[in-house]
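Below is one structure, written out as structure tokens; the observations come after it.
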Amino acid sequence: MAGFVKTVEGDSQILRGETSMPAKPGDILHVSDAVTTQEHSTVGIMLEDDTLLSLGPDSRLELSDFAFAPQEEKFSIAIRLIKGSFAYMSGVIARLAPEKVHIETP
């Protein structure tokens, strides 16, 4: 588990491999999942290290990599925005290992 869906307004989907499911609060997110929003929709995501992501309308975001094991000193976040917009508020990983945070945008 990398995180979970915290809030949903409107129509959004979680894409996991070939499967697409409606996103709803409490849904678990895994590495390689993508989250999409439709027009007039938003999704709030909380990752395990308390990173917050807010995905805007008509957007697609992929969680390419995530590792958070402080006792083993394993830290990694890789987020890829395919289209649209999002807001990012850093969590523990960015404070302990900022060089391990990678965000790609178009």
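The values are calculated or read from the model by the stated rules, or taken from the named source; none is laboratory data. Computed from a prediction, not measured in an experiment: that's the story for all the values here. Counting neighbours? That spans all protein chains shown, and the Cβs are built from the backbone with ideal geometry, glycine included. For accessibility, only protein heavy atoms count, side chains too; no ligands or nucleic acids. Shrake-Rupley method; radii C 1.70, N 1.55, O 1.52, S 1.80 Å.
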(request) Rank LEU96, LEU61, LEU81 by mean-square fluctuation in a GNM of the chain with C-alpha springs under 10 angstrom and give only the top-ranked residue. (result) LEU96
(request) Might you report the magnitude of the Cβ-based charge dipole of the chain about its Cα centre, with Lys and Arg at +1 and Asp and Glu at -1, to the nearest 20 debye? (result) 60
(message) I'd like the Karplus ³J(HN,Hα) series for region 7-16: coefficients 6.51, -1.76, 1.60, θ = phi - 60°, whole numbers in Hz, and an x wherever there's a Gly or Pro.
(response) 9, 9, 10, x, 9, 9, 10, 10, 9, 10
(request) Using 0.36 nm per residue of separation minus the Cα-Cα distance, give me the extension gain between ALA78 and LEU52 in nm, one decimal. (result) 8.0 nm
(request) Using a 10 angstrom cutoff on alpha carbons, build the Gaussian network for the chain and name the most mobile of THR19, THR36, THR51. (result) THR19
(request) Taking only Cα atoms and a 10 Å spring cutoff, compute GNM fluctuations for the chain and point out the largest among ALA67, ALA34, ALA87. (result) ALA87
(request) Give the relative contact order (percent, whole number) for the chain; include only Cα pairs under 8 Å separated by 6+ residues. (result) 22
(message) How big is the dipole moment of region 64-106 about its Cα centre under a simple scheme where the beta carbon of each Lys and Arg is +1, that of each Asp and Glu is -1, and everything else is neutral? Debye, nearest 20, please.
(response) 160
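Please arrange GLU73, GLU9 by accessible surface area, largest first, computed with a 1.4 Å probe and ligands excluded.
Working: GLU73 150, GLU9 125 Å².
I get GLU73, GLU9, largest accessible area first.
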(message) Place a point 7 Å from Cα of LEU15 in the direction of its Cβ. Which residues in region 72-104 have their backbone N less than 13 Å from it?
(response) 80-84
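What number comes out for accessible area per residue over the chain if the probe is 1.4 Å? Units Å², please. Each step should come with its number before you reach the end.
Working: 5850 Å² over 106 residues.
With all protein chains present, the chain gives 55 Å² per residue.
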(request) For region 87-98, just list the computed ³J(HN,Hα) in residue order, Karplus coefficients 6.51, -1.76 and 1.60, θ = phi - 60°, integers in Hz, with x standing in for Gly and Pro. (result) 10, 10, 10, 5, x, 5, 4, 5, 7, 8, 8, x
(message) From the phi angles alone, apply the Karplus equation (6.51, -1.76, 1.60; θ = phi - 60°) to region 32-43 and give each ³J(HN,Hα) in whole Hz, x where the residue is Gly or Pro.
(response) 5, 6, 10, 10, 10, 10, 8, 4, 6, 10, 9, 9
